[in-house]
Amino acid sequence: MYKLLLIFVCSIMLSACGLNNNTQKSDTETKTAEENIESTKEKESTEGDKNGNNESATVTEEIIQTTSIESPFGEDGNIRFKHTEKEIVEEHMDEHGRIYFPLNEYPIRNITSIDGKTSNITNYGDAFINIVDAKAYNLSTQEMIDDAYKLFISNPPKELEGKDPSEYRTWDKATNLERSIIQIIYLTAPSLNDLGYLIQEDTYSGEIFEQLMTVFEDLGAPTVLIPAPQTPLDIQLFDNMKMVQSLWGQLGQFENPEENKEKFKELYSTVRQEMNNILVRVNYTLSEDVNTQSKETE
């Protein structure tokens, strides 16, 4: 199934804007949405602790794999861990300028400004996290991480065509935000392709369709936090990803798609294109040395 996920993700690039009903497909590529969803539900993770996850965390039986984590909220209803902007930097920033907490160390933190007037709930993990449902959208095995990373460095913008893979920053040197995008795009691509399959079949209702719509509605919810940007390159990338997340929400909340097929298809195509764009954008950011970028802005 893991290799199948890579096939589904790759099809994003191969069918960028398209809802081409006449394209010839292999047996694997024409796997139905129903089969894909059922096989996804059957997956269980036994390697969560390899990525710093809580050993007791389990992968929920959902269309998109998630990992259950401890709630970031304490008994008083507030975020468990609070810091000032100065404290989080002085106490938790490493020598590379990165602040990172694995999933079992409460990556969601409440950060108060130096003047004490504002506070923000911030994600210092490397995965999208739904803070209300206490679940993270992360890849649970090293095999999946390796496949996802290879996919991203294999799809460069035109100006980077021919660049050797060794010239990219490795997964270990990627920022929290870059890692999270690599994971979320890899995880969501099968659902996007399943939805495209249903659109090609002129199917805009039914249990499977509704489940897929719920996937994107959930992903677009304001309770799903993207990791905070921590480098100059991250800042633009964060804005790009926020736009994609907003489009996911619009897609999932689209009213009466069966009665507004053309507008729904247009929105779907926009989502596909912007997911392509973010894939290429991450390829570009991974080609840059973040430490050099930081020095240039000092």
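Here are the numbers for this structure:
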read-out	value
Amide hydrogen neighbours beyond the local backbone of Asn138, cut-off 5 Å, H modeled	Thr67
Carbon/sulfur fraction of accessible area - the range 158-298, other protein chains in place, 1.4 Å, %	44 percent
Taking only Cα atoms of the range 67-287, radius of gyration then Dmax in Å	18.5, 57
Of Lys86/Lys173; Lys135/Lys173; Lys86/Lys242; Lys82/Lys135; Lys117/Lys242; Lys163/Lys265, those spanning more than 28 Å from alpha-carbon to alpha-carbon	Lys163/Lys265
Calculated diffusion of the range 166-239, Stokes-Einstein form, Kirkwood radius summed over Cα pairs, 4 °C and 1.567 mPa s, µm²/s	89 µm²/s
Net charge dipole size for the range 122-260 [Lys, Arg +1 and Asp, Glu -1 on Cβ; Debye, nearest 20]	680 debye
Cα-derived Rg over Rh, computed across the range 184-298 with Rh taken as Kirkwood radius	1.07
For Phe101, net neighbour charge (Lys/Arg +1, Asp/Glu -1) across residues whose Cβ lies under 15 Å away	-1
Relative contact order [Cα under 8 Å, 6+ residues apart], the range 130-258, whole percent	29 percent
GluC sites (Glu not before Pro) restricted to the range 197-259 and DSSP loop, no more than 12 other C-beta within 10 Å	Glu201, Glu255, Glu258, Glu259
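The values are calculated or read from the model by the stated rules, or taken from the named source; none is laboratory data. A quick note: this is a predicted structure, and the numbers were derived from the prediction, not measured. Glycine also receives a Cβ, built like all others from the backbone with ideal geometry; neighbour counts cover every protein chain displayed. To get the accessible areas, we keep the full protein, side chains included, count just its heavy atoms, and leave off ligands, DNA and RNA. Shrake-Rupley method; radii C 1.70, N 1.55, O 1.52, S 1.80 Å.
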